[in-house]
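The values are calculated or read from the model by the stated rules, or taken from the named source; none is laboratory data. None of these values were measured; they are calculated from a predicted model. Here the Cβ is made from the backbone with ideal geometry for all residues, glycine too, and neighbour counts use every protein chain on show. Remember, those area values only see protein heavy atoms, side chains included, never the ligands or the DNA or RNA. Shrake-Rupley method; radii C 1.70, N 1.55, O 1.52, S 1.80 Å.
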Amino acid sequence: MSGTRIQSMSNNSTQSNSRENLFSPEHELFRQTVRRFLEKEVLPFHADWEREGRAPREIWTRAGAAGLLLPDLPAEYGGGGGDFLHFAVLVEEIATALASGVSGFTTHSGVVAPYLLHFGTEEQKHQWLPRLASGEVIAAIAMTEPSAGSDVKAIRTTAAKVPGGYRLKGQKTFITNGWNADRVLVAAKTAPEAGRHGISLLWVDAHAEGFSKGAPLDKLGQKAQDTTELFFDDVFVPAHDRLGEENQAFTYLMRGLIQERLMVAMRCASLLEASLGWTVDYAKERQTFGKALIEHQHLRFQLAEVKTLAYTTRVLVDHCLVEHMKGALGVKAQ
Ligand SMILES: Cc1cc2nc3c(=O)[nH]c(=O)nc-3n(C[C@H](O)[C@H](O)[C@H](O)COP(=O)(O)OP(=O)(O)OC[C@H]3O[C@@H](n4cnc5c(N)ncnc54)[C@H](O)[C@@H]3O)c2cc1C
């Protein structure tokens, strides 16, 4: 299976030709590094991870040593020193390989790390980013709650001010990397009466007293992705572990969600292309009524429609990617 996945990645003929102008030879070298890593370190073990609902911690330090984590963060903080296209390569290759066991690398690298980079103090950045880049510390972000998903301002988790810090109380769900996480960036209400103007981000130690984790959630897909519930029973969070200004997190999250949503779109575009590739391979191989499936005219019409969808999706997503790199991708319709 692993060989088939990797082969489909390299034979993918559904991608827009303009991509050759987007990714440089250096990005393509990084793509080869990610593919080799997936082929050797991930896919041979993936079926076991799917049964367990998560990958083992060791894969994180291996990925760190191979330069897969935080590829686009500045080298002075331990990152790969690349640009957003390096991160895009990571997202695309993990999606194309159906390697859900390591899709949390992208949340860790492209969601949590940028919050630290943009809103952390120099001390926080130097303390944490190199450890995220090496895989020594596994990070998660926790916004969603059982009664608050799309509507972030409806969260009920609170962080009450106490001498020296905060006391965190509440519950989160669907948290990627939740089980393996050492640190979780938690959105909590520090001024519950102020609605969206009363939310702060806390960089919480997952080994602290009162912090507990649920079993891996049983999902329809992404079976090896570590996705869990988290519970905070009066967890003490020191004041120096708040990220950014108090009560300003809603603005930070709306900004961060632009990249997070783009990441999900990049993942979907790659999955669509890869699924089409596998289907075409199968249709060429499978014989019915004396000829290969692909020779049946109606099937060719259907495949042409899916190819059109995959192509137009890719063109749109690449456009957004370029806009994002210029800092021009916003929350408003263009
Ligand atoms: C595999 C997986 C990993 C995840 N990882 C994380 C993570 O690491 N951290 C984290 O915080 N969260 C995570 N999430 C949660 C994810 O961000 C939420 O599922 C998402 O925000 C949607 O929230 P919800 O599921 O509560 O859906 P709801 O908000 O209840 O929405 C249900 C449906 O209603 C629609 N809807 C909602 N509001 C409106 C509206 N105003 N107008 C029209 N339609 C609307 C939605 O589009 C959706 O189709 C993860 C989820 C999954 C499935």
Residues that are farther than 29 Å from residue 34 by Cβ and among the polar types (S, T, N, Q): list the strands (runs of 3 or more DSSP E) wholly contained in segment 79-178 that include at least 1 such residues. 158-162, 165-176
Inspect all residues belonging to segment 167-175 and state whether any of them is over 17 Å from residue 237 (Cβ atoms), modelled with pLDDT under 95 and under 21 Å from the mean Cα position of the chain (by Cα). no
Regarding residue 184, is this residue modelled with pLDDT under 95 and within 15 Å of the ligand (Cβ to nearest atom)? no
List every residue pair whose Cβ atoms lie under 8 Å apart, where the two residues are 6 or more positions apart in sequence or sit on different chains, the first residue falls within segment 144-156 and is in the same structural domain as residue 185 (by TED's automatic domain parsing), and the second residue, located anywhere, is among the β-branched types (Val, Ile, Thr) and within 8 Å of the ligand (Cβ to nearest atom). 144/173; 144/175; 145/173; 146/173
Scan of segment 60-78 for residues that are without any contact (Cβ under 8 Å) to a residue 60 or more places away in the chain and assigned to a loop (DSSP other than H, G, I, E, B), ordered by number: 66, 67, 68, 71, 72, 74, 78
Can you tell which of 77, 115 is surrounded by fewer than 24 Cβ atoms within 10 Å (Cβ to Cβ), under 28 Å from residue 271 (Cα atoms) and either under 16 Å from the mean Cα position of the chain (by Cα) or away from the ligand (no atom under 16 Å from the Cβ) (or both)? 115
Conditions (1) closer than 30 Å to residue 110 by Cβ; (2) among the aliphatic types (A, V, I, L, M); (3) touching a Leu at 6+ places or on another chain (Cβ under 6 Å): number failed by residue 283: (1)
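For (1) assigned to a helix (DSSP H, G or I); (2) within 22 Å of the chain's Cα centre (by Cα), each residue gets a yes or a no:
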| position | (1), (2) |
| --- | --- |
| 235 | no, no |
| 246 | no, no |
| 251 | yes, yes |
| 257 | yes, yes |
| 264 | yes, yes |
| 269 | yes, yes |
| 278 | yes, no |
| 294 | yes, no |
Out of 120, 104, report the one residue that is open to solvent by less than 20 Å² (accessible area, probe 1.4 Å), under 18 Å from the mean Cα position of the chain (by Cα) and either modelled with pLDDT of 95 or more or away from the ligand (no atom under 16 Å from the Cβ) (or both). 104
Can you tell me which of 265, 239 is farther than 22 Å from residue 111 by Cα and open to solvent by 10 Å² or more (accessible area, probe 1.4 Å)? 239
Does residue 148 satisfy the criteria of being among the hydrophobic types (A, V, I, L, M, F, W, C), out of contact with any strand residue (DSSP E or B) (no Cβ under 8 Å at 6 or more places or on another chain) and surrounded by fewer than 18 Cβ atoms within 10 Å (Cβ to Cβ)? yes
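List the helices (runs of 4 or more DSSP H) inside segment 1-56, counting only whole elements, that have at least 3 residues being modelled with pLDDT of 95 or more and among the basic types (Lys, Arg).
25-37
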Take residue 164 and decide whether it is more than 16 Å from the ligand (Cβ to nearest atom), at pLDDT 95 or above and not assigned by TED's automatic domain parsing to the domain that holds residue 46. yes
Among all residue pairs at least 6 apart or on different chains, which show Cβ distances below 7 Å where the first residue, located in segment 254-271, is in the same structural domain as residue 312 (by TED's automatic domain parsing) and the second is of a type in the set (Ser, Thr, Tyr)? 256/115; 263/106; 269/313; 270/96
